[in-house]
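First the structure, in the form of structure tokens, and then the observations on it.
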Amino acid sequence: MIIGFNHTSFTVANLNSAVQFWTEGLGFRATSVSERTGAWQGQVTGIPGAQLRIAHLAGYGHHMEFIEYLEASDNSVTLQPNSAGVAHVCLEVEDIEDTINTLAAMGATTQGKLIEVDSGPFRGCRAIYMRDPNGVIIELEEIPKKVNGERYEGNSA
């Protein structure tokens, strides 16, 4: 039985740049960076002889993990958001334009355009997809406040 989420993990080409981007640009805190070379790495990942560097970051009530395989695969491709198995992280921000500019200055690129939802349960929400310097897709959302000042909850029950 599931008792909760432990972490979200992404494989990256450059662990140092990922840690810098997510700590300096997004405000996460690095809790550990280590090298893993034991036989169990290959056993758990299904990649024989896997050797990797791994970073754990914490922030906003969530734990992120980034993995750089020391013997990188030669089959890297840039998958699109509509490719099966592709994941993204959605972060709620206070000022979406400021966040876009900050992340762009650190090497992030926009995947799509900044939009404002004009109907439905997320009306007024502003959102954009970006990619960090390692290709990880980040959705930024600026969620409006209700008229009475309470936090907007979208379509949650």
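Summary: within the chain, the longest segment free of trypsin sites (Lys or Arg not before Pro) located in DSSP loops with at most 14 other C-beta atoms within 10 Å is 1-112.
Relative to the longest principal axis of the chain, what angle (0 to 90°, nearest 10) does the C-alpha long axis of helix 96-105 take? Roughly 30 degrees between the two axes. Distances between placed amide hydrogens fall under 5 Å for R36 paired with L52, R53, I54, all partners being 5 or more residues away or on another chain. When T110, T99 are sorted by how many other C-beta atoms sit within 10 angstrom of their C-beta, beginning with the fewest, the order is T110, T99.
Given +1 at the Cβ of Lys and Arg, -1 at the Cβ of Asp and Glu and no other charges, the dipole of the chain around its Cα centre is 240 debye to the nearest 20.
Exposed loop sites, defined as chymotrypsin sites (Phe, Trp or Tyr not before Pro) outside DSSP H, G, I, E and B with at most 12 other Cβ atoms within 10 Å, are absent from the longest region of the chain, namely 61-157. Per-residue extension of 0.36 nm, minus the Cα-Cα distance of I2 and V44, leaves a gain of 13.2 nm for this segment. Computed about its Cα centre, the charge dipole of the stretch 88-142 is approximately 280 debye, with only Lys, Arg, Asp and Glu carrying charge at their Cβ. Cβ crowding within 10 Å, taken as a proxy for footprinting-reagent exposure, orders D132, D118 from fewest neighbours to most as D118, D132. In a DSSP loop and with at most 15 other Cβ atoms within 10 Å, the GluC sites (Glu not before Pro) in the stretch 63-109 are E71, E94.
Subtracting the Cα-Cα distance of A87 and L70 from their residue separation scaled by 0.36 nm leaves 3.9 nm. Which residues in the stretch 122-141 have a backbone N closer than 18 Å to a point placed 7 Å from the Cα of E24 along the Cα-to-Cβ line? The answer is 131-136, whose backbone nitrogens lie closer than 18 Å to the label point.
In the chain, the DSSP beta bridges split such that about 75 percent are antiparallel, to the nearest 5.
FYI, it's all coordinate maths here, none of it is from the lab. As the structure is a prediction and not an experimental result, all values here were calculated from the model. Note: ideal-geometry Cβ built from the backbone for every residue, glycine included; neighbour counts use all protein chains shown.
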